[in-house]
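Here's the structure we're looking at; comments come further down.
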Amino acid sequence: MAIWNETVAVTAMTVKSLPQRIWVAIVTLIAIAIVVTVMMAVLAMAAGFDKTVAGAGGVDTAIIMRAGSQAELNSGLSSEQINLLAEAPGIVRVGNQPQASPELYVIVDGIKKSTGLSVNLPLRGMNPIGVELRKDVVISEGRMFETGKNELVVGRAARQQFAGFDPGSTVQFGKTTWQVVGIFEAGGSVFESELWADAKVVQSLYNRGNSYQSVRALLDGPDAIQKIEAYAGNDPRLNISVQTEADYFSQLSKPLVSFINGVGYPLAIVMALGALAGALNAMYTSVAARQREIVTLRAIGFGGFSTFVGIMVEALVLAFAGTLLGVMVTYIFFDGLTASTLGQTFTQIVFDFSVTPELVVQAGVLALAIGLIGGFFPALRAARLPVVDAFRNV
Amino acid sequence: MTEKTLIELDHVTKRYTRGRDTIEIFDELTMGIEEGAFLAIMGPSGSGKTTLLNILGGIDSPTSGSVTVGGQRIDNMSEGALSKWRAANVGFIFQFYNLMPMLTAAQNVELPLLLTDLGRSRRAEHVKTALNVVGIADRAKHKPSELSGGQQQRVAIARAIVSDPKLMLADEPTGDLDRTTAVEILEMLQLLNKEFGKTIIMVTHDPEAARFASRTLHLDKGHFVQEAAE
Ligand SMILES: Nc1ncnc2c1ncn2[C@@H]1O[C@H](COP(=O)(O)OP(=O)(O)O)[C@@H](O)[C@H]1O
Ligand SMILES: [Mg+2]
């Protein structure tokens with residue numbers, strides 16, 4: 001019981017003495033908070049982007065483009081190729097109808113609400129099967145576009161980030177005029193950054209004749225990709241590449257993933273080391289400032305253990321307060337923050353930072369490690385201060 | 001009162017080695033201090049007064065020789081055992097009071113009791129008694145920064161007596177105080193010696209202060225010089 005009283009009392013004294021070193025404490029706390037914020041922002045960005053892009057693609061949906069195209073934008077398929085693909089094996093058919101959507105992908109101008117600047121937006125021409133092929137698509141406001149009409153449905157994220165896309169409004173892209181008839185959601189995926197319209201209308205308004213840029217098709221089994229490749233390989237007119245949508249999107253997300261790995265994590269680690277140095281410095285300063293108090297307590301009969309615990313708790317209090325501040329800042333500034341980045345197609349991909357409980361735990365663990373290491377060595381020094389110094393004027 | 005020896009030093013040697021230099025503070029010092037003494041120790045700076053207090057109080061150990069306090073050898077105790085021994089047997093009084101700035105007077109006085117098994121209310125009683133003895137009960141809730149030097153030293157004395165140790169060690173307890181306040185503190189120590197039977201060993205460089213003690217020893221170059229000229 002005595003050791004408990006002793007330890008509680010020493011810890012309380014240590015923490016109560018914090019205000020005397022308030023600036024060092026605040027600087028340390030802020031350093032830890034910054035580390036937590038950077039760490040969480042990086043992780044939230046990675047998680048958000050992953051959810052939006054990597055999570056968008058199905059493994060049972062194929063995307064077919066011209067061979068050698070990195071993205072839909074620089075692909076092109078003729079009407080002859082589209083007709084040949086309609087006969088391809090590996091694609092699910094309902095009755096005679098292949099579950100496939102020949103699509104166009106054109107760039108239109110939009111205005112970003114936050115900056116007022118003009119940005120590139122993807123306008124996708126598709127057919128109703130194409131809508132079916134996207135997972136979890138729901139019309140949250142208004143209705144779907146009708147075939148043959150200059151009608152648009154706008155992704156939730158695009159509507160939120162870019163000006164003029166409320167249902168009922170009319171938008172002008174170059175010489176073309178469109179009616180926004182609805183808003184769609186697509187499970188938070190990359191498609192929510194797009195505008196969708198009837199493929200035939202896009203073809204005629206953009207002078208594309210009967211050509212398309214890609215085909216989305218529902219696959220009938222795990223070996224369907226090989227079947228389509230073999231079919232195309234036997235026909236010199238079908239100079240195409242075929243891959244699952246999942247593969248396609250994970251390749252699209254490579255630039256951001258490599259940014260996060262190449263810049264985000266190293267930055268977080270360097271800052272964590274900086275905060276650790278700051279914490280060590282703060283705690284050594286604390287021990288030095290309280291040297292006389294510590295050795296006096298030791299002379300009176302207090303043990304080294306309670307001294308050690310007191311300093312450790314002080315460091316952990318700083319780490320905890322820093323985490324709290326960092327998490328708060330992250331929530332206020334980053335959670336649900338919608339960012340847009342240039343995808344590989346030079347169009348805007350809109351994604352949300354998602355601050356999840358797991359991220360809080362991860363950042364908290366990092367801050368805890370900073371607190372533990374930053375407290376340990378100074379605490380050890382404190383516990384080993386020479387008691388003979390009590391009567392000397394330290 | 002029968003003369004009973006509380007402290008015995010037997011051939012105590014203390015050396016410090018600093019790099020290649022060895023400084024010998026005490027060489028085969030043998031002495032006894034009777035229970036109930038109020039002893040003043042004087043001597044030039046660097047003569048080893050503080051070192052002696054440290055050895056008597058169990059916060060430093062001799063290089064060789066034995067130290068017995070109240071029949072108990074303390075020179076060969078482990079650090080942990082010494083720590084417990086100090087808590088139960090010695091009250092320390094410092095030149096600069098060494099109070100905890102973040103605690104009130106009462107909380108400072110309570111500190112040694114936290115090392116005992118006393119419950120909260122018993123501790124509060126002891127604290128009250130100690131503060132009453134030193135005449136500062138009305139300042140119980142004040143922080144050290146709100147007290148004068150003399151008041152702080154009273155709180156420190158209360159802290160030294162609260163667990164009722166036999167032995168009190170004071171290093172220049174009035175060194176930081178003006179004459180009038182110093183006299184108050186010295187009278188307080190005298191009272192503790194006479195009325196409460198505390199054995200007090202006080203280091204001072206002030207002959208006026210030494211006069212309050214019942215005996216004065218002069219330390220020079222590690223030896224006691226008997227009754228040097230005042
Ligand atoms: N830790 C130490 N290491 C080396 N020398 C020390 C140490 N502590 C004290 N001394 C030396 O021991 C001598 C006696 O010191 P001290 O007991 O403090 O003297 P006083 O209190 O009489 O002024 C001094 O010369 C001092 O420099
Ligand atoms: Mg001294």
Hz values of 3J(HN,Hα) by residue in the stretch A:26-38 - Karplus curve (6.51, -1.76, 1.60), Gly and Pro given as x
5, 4, 4, 4, 5, 4, 5, 4, 5, 4, 4, 5, 4
Of the residues B:179, B:120, B:211, which exhibits the maximal mean-square fluctuation in a Gaussian network model of chain B defined by a 10 Å Cα contact cut-off?
B:120
Measure nothing but the geometry: give the 0 to 90° angle between the long axis through the Cα atoms of A:357-383 and the longest principal axis through the Cα atoms of chain A, rounded to 10°.
20 degrees
Residue B:143: which lysines have alpha carbons under 27 Å from its alpha carbon, excluding same-chain residues fewer than 8 sequence positions away?
A:16, B:128
So, with +1 on the Cβ of K and R and -1 on the Cβ of D and E, and no other charges, what is the size of the charge dipole of the stretch A:68-238 about its Cα centre, to the nearest 20 debye?
380 debye
Label the protein assembly as shown by shape, choosing from rounded, prolate and oblate, from the square roots a ≥ b ≥ c of the eigenvalues of the Cα gyration tensor; if a/c is under 1.5 it is rounded, and otherwise prolate applies when a/b is larger than b/c, oblate when it is not.
prolate
Between A:64, A:81, A:36, whose Cα lies farthest towards the positive end of the dipole of the stretch A:33-102 when Lys and Arg beta carbons carry +1 and Asp and Glu beta carbons carry -1, centred on the Cα centre?
A:36
Low-density loop trypsin sites (Lys or Arg not before Pro), the stretch B:1-109, at most 11 other Cβ within 10 Å, DSSP non-H/G/I/E/B, are B:4, B:20
By how many nm would the segment from residue A:373 to residue A:277 grow when fully extended, if each residue of separation counts as 0.36 nm and the alpha-carbon distance is taken off?
33.6 nm
Can you list the aspartates and glutamates whose alpha carbon is less than 20 Å from that of residue B:14, not counting same-chain residues fewer than 8 positions off?
A:389, B:24, B:27, B:28, B:60, B:75, B:79, B:171, B:220
Along the stretch A:264-273, Karplus-curve 3J(HN,Hα) (6.51, -1.76, 1.60; θ = phi - 60°) to the nearest Hz, with x for Gly and Pro, reads x, 5, x, 4, 4, 5, 4, 5, 5, 5
Give the lysines reachable from residue A:175 as a straight Cα distance under 28 Å; neighbours fewer than 8 places away on the same chain don't count.
A:112, A:113, A:149, A:200
Tell me which residues come under 5 Å, amide H to amide H, from residue B:26 once H is placed; ignore anything under 5 positions away on its chain.
B:14
At residue A:333 and residue B:125, where each label point lies 7 Å from the Cα along Cα→Cβ, what is the point-to-point distance in nanometres?
5.8 nm
The protein assembly as shown: antiparallel DSSP beta bridges as a percent of all, rounded to 5:
70 percent
Place a point 7 Å from Cα of residue B:31 in the direction of its Cβ. Which residues in the stretch B:181-215 have their backbone N less than 17 Å from it?
B:199-207, B:210-215
Relative contact order of chain A: what whole-number percent is it, with Cα pairs under 8 angstrom and at least 6 residues apart?
29 percent
Estimated inter-spin distance, residue A:284 and residue A:94, nm [label 7 Å along Cα→Cβ]
7.1 nm
For residue B:41, the residues 5 or more places away or on another chain with a placed amide H closer than 5 Å to its own amide H are B:202, B:203, B:204, B:217
Distance between Cα centroids, the stretch A:90-134 to the stretch A:45-80: provide it in whole Å.
11 Å
Count, for each residue of B:159-166, the Cβ atoms from other chains sitting within 10 Å of its Cβ, then give me the mean as a whole number.
1
What are the residues whose amide H is under 5 Å from the amide H of residue A:61, where those residues sit 5 or more places off or on another chain and H is modelled from the backbone?
A:219, A:245, A:246
Find how much the distance from residue B:223 to residue B:183 grows on full extension, using 0.36 nm per residue of separation minus their present alpha carbon separation; answer in nm with one decimal.
11.5 nm
With a Förster radius of 25 Å, plug the Cβ-Cβ distance of residue B:79 and residue A:291 into 1/(1 + (r/R0)^6) and report the FRET value to the nearest 0.05.
0.85
Could you go through the stretch A:292-299 in sequence order and give the Karplus-derived ³J(HN,Hα) for each residue, using 6.51 cos²θ - 1.76 cosθ + 1.60 with θ = phi - 60°, rounded to whole Hz, and x for Gly and Pro?
5, 4, 5, 5, 5, 4, 4, 4
What is the helix-to-structure angle for A:2-16, meaning the angle in degrees between its Cα long axis and the longest Cα principal axis of chain A, kept from 0 to 90 and rounded to the nearest 10?
70 degrees
What do you get for trypsin sites (Lys or Arg not before Pro) in the stretch A:171-223 restricted to DSSP loop and a cutoff of at most 14 other Cβ within 10 Å of the site's Cβ?
A:175
Simple label model, 7 Å out from Cα along Cβ direction - residue B:194 to residue B:137, nm
2.2 nm
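Any read-out appearing in this document is the output of simple, stated calculations on the displayed coordinates, not a laboratory observation. What you see is a predicted model; the values in this text were computed from it and never measured. Cβ atoms come from the backbone with ideal geometry, glycine included; neighbour counts cover every protein chain shown.
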